[in-house]
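Okay, so here's the structure we're looking at.
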Amino acid sequence: MNKSELIEHIARQADISKAAATRALEAVIGGVKVTLKKGGSVSIVGFGTFAVTKRAARTGRNPRTGAAIKIKSAKVPKFRPGKGLKDALN
């Protein structure tokens, strides 16, 4: 499912227009981004938790030349599924 299919699904399920569903989805995504950027986490009970973790700096290899390169540390988003989502899949 891509973003436009998700918007159509939201519009059908909530009985709202596609424009309203688009705004709602963008608001949710924007809220998650802002919270994660501030270092917080977003928990949706029954679905899961979005959080930020730090990936340490490390040494990698250039696959073309084999030369060692330094890879900077980075903040990466993580998603941990909740019990409700796990149960729905199994």
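The values are calculated or read from the model by the stated rules, or taken from the named source; none is laboratory data. Computed from a predicted structure; not experimentally measured. Please note: Cβ atoms are built from the backbone with ideal geometry, for glycine as well, and neighbour counts cover all protein chains shown. The area values use the complete protein model at the heavy-atom level, side chains included, leaving out ligands, DNA and RNA. Shrake-Rupley method; radii C 1.70, N 1.55, O 1.52, S 1.80 Å.
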Q) On the accessible surface of the chain, probed at 1.4 Å, how many percent belong to carbon and sulfur atoms? A) 57
**Q.** Top positive-direction residue, dipole computed over the chain with Cβ charges, set F47, G31, V76
**A.** V76
Q) Just in the chain: which trypsin sites (Lys or Arg not before Pro) are loop by DSSP and have at most 14 other Cβ atoms within 10 Å? A) K38, R64, K72
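Taking the Cα centre of the chain as origin, sum charge times position over the Cβ atoms of Lys and Arg (+1) and Asp and Glu (-1), and report the length of that vector in debye to the nearest 20.
Values: 19 positive and 5 negative charges, 180 e Å.
Using Cβ point charges on Lys, Arg, Asp and Glu, the chain gives about 860 debye.
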(Q) Whole-Hz ³J(HN,Hα) for each residue in the stretch 38-48, computed from phi via Karplus 6.51 cos²θ - 1.76 cosθ + 1.60 with θ = phi - 60°, x for glycine and proline: what do you get? (A) 7, x, x, 9, 10, 10, 10, 4, x, 10, x
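With a probe of 1.4 Å, find how much accessible area the chain has per residue, and write the answer as a whole number in Å². If you can, show how the numbers build up before the last one.
On the way: 7280 Å² over 90 residues.
For the chain, the per-residue accessible area is 81 Å².
Can you tell me, using C-alpha contacts under 8 Å and at least 6 residues apart, the relative contact order of the chain as a whole percent? The partial results should precede the final answer.
Details: 103 pairs, mean separation 19.0, N = 90.
It rounds to 21 percent for the chain.
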Q. So what J values fall out for the stretch 76-89 if you push phi through Karplus, 6.51 cos²θ - 1.76 cosθ + 1.60 with θ = phi - 60°, rounded to Hz, Gly and Pro as x?
A. 10, x, 10, 10, 10, x, x, 4, x, 5, 4, 5, 5, 8
Q. Which far-off residues, 5 or more places away or on another chain, put their amide H under 5 Å from the one on G82, with H placed in the peptide plane?
A. F47, G48, T49
**Q.** Part-to-part distance (alpha-carbon centres) for the stretch 1-37 and the stretch 63-82, which is given in Å
**A.** 29
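Kirkwood Rh, Cα Rg: Rg to Rh for the chain? If you can, show how the numbers build up before the last one.
On the way: Rg = 18.4 Å, Rh = 16.1 Å.
When Rh is taken as the Kirkwood radius, the ratio is 1.14.
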Q. How big is the accessible area of I16 in square angstrom, nearest 10, if you roll a 1.4 angstrom probe over the protein chains?
A. 70
